[in-house]
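S.K.: Here it is: the structure, laid out below.
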Amino acid sequence: MKKTTKFAAAFVAGLTALSMAACGAPGAPSGSGDGSKQVNNDASANDNATCQNTIKKKGVEKVTLWAWYPSIEKMVDQFNEAHDDVQVCWTRAGSGQTQYEKITTAIKAGSGLADVVQIEYDVLSQYVAGAEKHLVDLNQFGADKIKDDYTEGAWKSVSLGSDDSVYAVPVDLGPYVMMYRKDIFDKYGVKVPTTWDEYEQAGKELREKGFTGHIGNYEPSGNGSNIALLAQKGASVYDYSASDPENVGIDFESDDAKQVMEYWQRLAKEDVVTTDDAYTTEWYKSIVDGSYATAVCASWLVGNLRDISGADANADWKVTTAPVWDDSTPQVNFGGSSLAVTDQAKHTEAAAKVAMEFFASDDIQETAVTEAALFPTWTKKLESDEFMNMTDSFYGDQKINQVIVPVAKAYKGYDFLPFQPYAYDEQTKVFTDIVRNGANVDSKLASLDKTLRDYATQQGFTVKN
């Protein structure tokens, strides 16, 4: 019981400042806390549930859903129109952290949680850490039979390294690519870089030839982006598996991790790149107004770029693969989310049906891609001629998916900790000190490593390496 309580504390500390009671919170349904076995069978429990969408088929079982995808209400309507046996009752419970806080509150209370919830990959492990599992193992409902319908990396993200369990169904990915201003590179006669060595050289050449901006930006607060950059070099800084839930791996002291941070520290010191915080208004503005010649990021930024105000009307944007270290550099990913069934689902089997079938639809996939700018993990869509040959006028009618799809298919997946938000916060502090203040890379990474190891131990985990 003592260790279980610590795992619960780690889970909450990672998401919010809330504290969680010991396992088996008051009011929780029988069996709550072991999502691998939790099965509820009350098909009428949601009859009076309040929905933000209009349920048109009356007298049909409802499954509640919390999700914040763009155009989600339209996709819910499409699902409901195609199903006579179940209807989705959708609520926007907030996006990202706001929804996660509501999930945490409902878990603490033992009630009030939706049947199905949208969860990002780097948050998923927090809900299945240790003995308390608040997500249902979907293999008991046949999820193992749809594994081959999804990319390898996406499936690893929802199976959490387990060969026997899967805790969500993948929805989208963020394959790591590079957007670049062809007009800027052409104007100054600089070759578009394909390696990180070339990226550094191109950045210097652009400045030497009169470009007043920078080749790009390194974001010390980039969280998942930094995990991708480290993974490119072979640095697996986090290690966690649902098959071994009491153990975690943390390794920021590898030579690979040090080389990555030394690289970005050097580029920042030499003013080859800026080190602005990501996802601020100023950051977006700098991407579209010509301050940056490239943006190395996830594919979801490719879709979002066209909607950012203040864009340079004369910009000639193109998409290519992200720079690599050498021929052995793996393809990486930043972001993506899934649909998971909670242990508070009123009718678990119906909820599993919704999670597994919602995005396995040509119509919903079309909406997800064209209106919500989601990059699919469902291989039927991913590999279709229509998707591969889509052109994008923002990128000069380039068939950008012919660049991005091979990255998505080659991505093998990587791990996140059950207290990933805490790890991100500490990671950001250290990376900021390294690139903005010139702090010693070896000592700062050693300090980060120790901080995270100590925290893991305090929360009841055993650090493996």
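S.K.: Based on this model, can you work out whether TYR455 counts as under 27 Å from SER338 (Cα atoms), in the same structural domain as TYR240 (by TED's automatic domain parsing), modelled with pLDDT of 95 or more and hydroxyl-bearing (Ser, Thr, Tyr)? Reasoning before the result, please.
M.R.: Values: under 27 Å from SER338 (Cα atoms): no; in the same structural domain as TYR240 (by TED's automatic domain parsing): yes; modelled with pLDDT of 95 or more: yes; hydroxyl-bearing (Ser, Thr, Tyr): yes.
It is false that TYR455 is under 27 Å from SER338 (Cα atoms), in the same structural domain as TYR240 (by TED's automatic domain parsing), modelled with pLDDT of 95 or more and hydroxyl-bearing (Ser, Thr, Tyr).
S.K.: A follow-up question, please. Every residue in the stretch 252-267 that is of a type in the set (Gly, Ala, Ser) and closer than 13 Å to GLN232 by Cα, please.
M.R.: ALA257
S.K.: Take the stretch 445-465 and flag every residue that is exposed (fewer than 14 other Cβ atoms within 10 Å of the Cβ) and under 30 Å from ASN217 (Cα atoms).
M.R.: Scanning the stretch 445-465 gives a single hit, LYS450.
S.K.: So which pairs qualify, if the first residue must be in the stretch 425-444 and assigned by TED's automatic domain parsing to the domain that holds VAL273 and exposed (fewer than 14 other Cβ atoms within 10 Å of the Cβ), the second must be charged (D, E, K, R) and not in a helix (DSSP H, G or I), the Cβ gap must be under 9 Å, and the two must be at least 6 apart or on different chains?
M.R.: Short answer, once both residue conditions are applied: ASP442/GLU253.
S.K.: Here is a list of conditions, (1) crowded, with 22+ Cβ neighbours inside 10 Å; (2) closer than 21 Å to HIS347 by Cα; (3) among the small types (Gly, Ala, Ser), and SER111 meets all of them except one; can you say which number that is?
M.R.: The number of the failed condition is (1).
S.K.: Next question. From the set of residues in the stretch 48-93 that are at pLDDT below 95 and small (Gly, Ala, Ser), which is surrounded by the most Cβ atoms within 10 Å (Cβ to Cβ)?
M.R.: The extreme case among them is ALA49.
S.K.: Continuing with the same structure: Under the condition of being within 20 Å of SER361 (Cβ to Cβ) and among the small types (Gly, Ala, Ser), which residue from the stretch 135-187 is surrounded by the fewest Cβ atoms within 10 Å (Cβ to Cβ)? Explain how you work it out, then say what you get.
M.R.: Going through the stretch 135-187, the residues within 20 Å of SER361 (Cβ to Cβ) turn out to be 138, 141-143, 145-151, 154-155, 158, 166, 168-173.
Okay, now just the ones that are also among the small types (Gly, Ala, Ser), so 142-143, 154, 168.
Values: GLY142: 11, ALA143: 23, ALA154: 26, ALA168: 28.
In this case the residue turns out to be GLY142.
S.K.: Which condition from (1) within 25 Å of the chain's Cα centre (by Cα); (2) surrounded by 15 or more Cβ atoms within 10 Å (Cβ to Cβ) is the one that GLN97 breaks?
M.R.: (2)
S.K.: Out of the stretch 410-424, which residues are surrounded by 16 or more Cβ atoms within 10 Å (Cβ to Cβ) and assigned to a helix (DSSP H, G or I)?
M.R.: Scanning the stretch 410-424 gives GLN420, PRO421, TYR422, ALA423, TYR424.
S.K.: Out of contact with any Asp or Glu (no Cβ under 8 Å at 6 or more places or on another chain), farther than 30 Å from ALA295 by Cβ and of a type in the set (Lys, Arg) - does that describe any residue in the stretch 144-165?
M.R.: yes
S.K.: Something else: So ASP289 passes all but one of these: (1) over 18 Å from PRO323 (Cα atoms); (2) at pLDDT 95 or above. Which condition number does it fail?
M.R.: Here ASP289 meets the rest and fails (2).
S.K.: Would you check if there is a residue in the stretch 20-36 being surrounded by 17 or more Cβ atoms within 10 Å (Cβ to Cβ), modelled with pLDDT of 85 or more and either in a loop (DSSP other than H, G, I, E, B) or assigned by TED's automatic domain parsing to the domain that holds GLU81 (or both)?
M.R.: No; the residues of the stretch 20-36 include none that is surrounded by 17 or more Cβ atoms within 10 Å (Cβ to Cβ), modelled with pLDDT of 85 or more and either in a loop (DSSP other than H, G, I, E, B) or assigned by TED's automatic domain parsing to the domain that holds GLU81 (or both).
S.K.: Hey, among the residues in the stretch 302-327 that are in contact with a Gly (Cβ under 8 Å, 6 or more places away or on another chain) and not charged (D, E, K, R), which one's farthest from PHE141 (Cα to Cα)?
M.R.: Filtering the stretch 302-327 for residues that are in contact with a Gly (Cβ under 8 Å, 6 or more places away or on another chain) and not charged (D, E, K, R), the one farthest from PHE141 (Cα to Cα) comes out as ALA315.
S.K.: Go through (1) under 19 Å from TYR176 (Cβ atoms); (2) at pLDDT below 95 and name the single condition TRP325 misses.
M.R.: Result: TRP325 fails condition (2) only.
S.K.: Hey, does the stretch 239-262 have a residue that's over 29 Å from PHE461 (Cβ atoms) and not hydroxyl-bearing (Ser, Thr, Tyr)?
M.R.: The answer is yes; a qualifying residue exists.
S.K.: Here's something else I'd like to know. Does TYR395 meet the test of being in contact (Cβ under 8 Å) with a residue 12 or more places away in the chain, more than 19 Å from LYS258 (Cα to Cα) and surrounded by fewer than 23 Cβ atoms within 10 Å (Cβ to Cβ)?
M.R.: Values: in contact (Cβ under 8 Å) with a residue 12 or more places away in the chain: yes; more than 19 Å from LYS258 (Cα to Cα): yes; surrounded by fewer than 23 Cβ atoms within 10 Å (Cβ to Cβ): yes.
When the stated conditions are applied, TYR395 passes them.
The values are calculated or read from the model by the stated rules, or taken from the named source; none is laboratory data. Worth saying up front: this structure is predicted, and the values here are computed from it rather than measured. Note that each Cβ is placed from the backbone with ideal geometry, even for glycine, and that neighbours are counted across all protein chains shown.
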